Amino acid sequence: MPEEGGDKTHEPTPRRREQAREEGNVAKSQDLASALILLAAVVLLMTQGKAICTELYAFTEKNLSGETFLYVADQNDLVSYFIAVILRFTWLLSLFFLLLVAAAILVNLAQVGFLWLPNKLAFKPSHLDPIKGFGRIFSMQSVVRLVMGIVKITICAMVAFFAVIKDIDQILGLIELSDGQISMFLFQTILWVALKMAVALVILAILDYLYQKWKYERDLRMTTQEIREEMKNTLGNPEILQRRRQLQREMAQQRMGQSVPQADVVVTNPTELAVALRWDETMIAPIVLAKGAGLLAQKIRRIALEHGITIYEHKPLAQALYKNVEINQTIPSEYWSAVAEILGFVYRQKGRNVPPKSAA
């Protein structure tokens, strides 16, 4: 069979997926994270860029036109000046960078969820192996990445070209504008070009993510031998399991062979189910000595016939007792009346005292 030779034709099991995730093998596109972060940065600049540029302009104008730290003679004043500048720009840019960090976290969580792999931070000497390093550089995967990189650069260049060419007349007329107008026009144009390039990169990254997802599912597929090995590791050796089940069947049959002969009646379905019942004056209610379906039911019927125990066909009662009452448990009160009638029938046949319905 070709499947035995190693063809991966089976869908991955949950255990296979869990092991791959524990090893850090997940469907993820780094391009998607980078493209969405770039898009978020451009959008933030378009919404907050004016306030940031205004603040930078005011700071530059003040320091170039007035007294600056170059004229400060006292060292303490110089330190205070630097601290004030750092705090000013930290507060100005903190929201911008915090939103970028939040966007990066959300993008990665959306792709792979929360994944904590501290072993990936451990030092591995194999990573310093130059032979493996050259193998990764000149592998087919590196060639694919190179081709995809060239494609992305080409598409971005085309997007930028068509975004700028439509404003070529305005760009040529910038010489007639003031410095502030030129700066504002260039800032807006660059942002719009960057936005269009970011959108193009996001579209390409989504395609890359779909490819990575398909490749991930294909690589996780399993051969027949791998399925067998996983079942053996998870459930144990099939031969041992078969022997264990055989012993359990033998023990169940042995217990059934000891308990069924003590029964007063066997209620059947008529052939698929069998429930052995017993009652005496010391019991509050009848108990289920044994029950079974299929082959076990046939075994109970055979033992009952060998020991002269009455077999009574009562399909609804047999189904109810088999489903709701465990072995060696008393029957629930809602079945007392039906069981008392059956025991009364059996006891009258054998000339024994009929149990009262209240007791059964």
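The values are calculated or read from the model by the stated rules, or taken from the named source; none is laboratory data. All values derive from a computational prediction rather than experimental measurement. FYI the Cβ positions are ideal-geometry reconstructions off the backbone, even for glycines, and counts take in every protein chain you see.
Take the residues of the range 22-50 that are loosely packed, with under 12 Cβ neighbours inside 10 Å and in a helix (DSSP H, G or I): which is modelled with the lowest pLDDT?
Glu22
Identify, please: which residue in the range 257-315 is crowded, with 18+ Cβ neighbours inside 10 Å and in a helix (DSSP H, G or I) and is, among those, nearest to the chain's Cα centre (by Cα)?
Taking the candidates together, the pick is Ala297.
Condition (residue is part of a helix (DSSP H, G or I) and over 30 Å from Ala110 (Cα atoms)) applied to the range 188-205: is it met by at least one residue?
yes
Given (1) over 15 Å from Ile342 (Cβ atoms); (2) touching a strand residue (DSSP E or B) at 6+ places or on another chain (Cβ under 6 Å); (3) hydroxyl-bearing (Ser, Thr, Tyr), identify the lone condition not met by Thr268.
(1)
Give the residues of the range 150-175 that are within 40 Å of the chain's Cα centre (by Cα), without any contact (Cβ under 8 Å) to a residue 12 or more places away in the chain and closer than 17 Å to Trp192 by Cβ, sorted by residue number.
Passing the criteria: Ala157, Met158.
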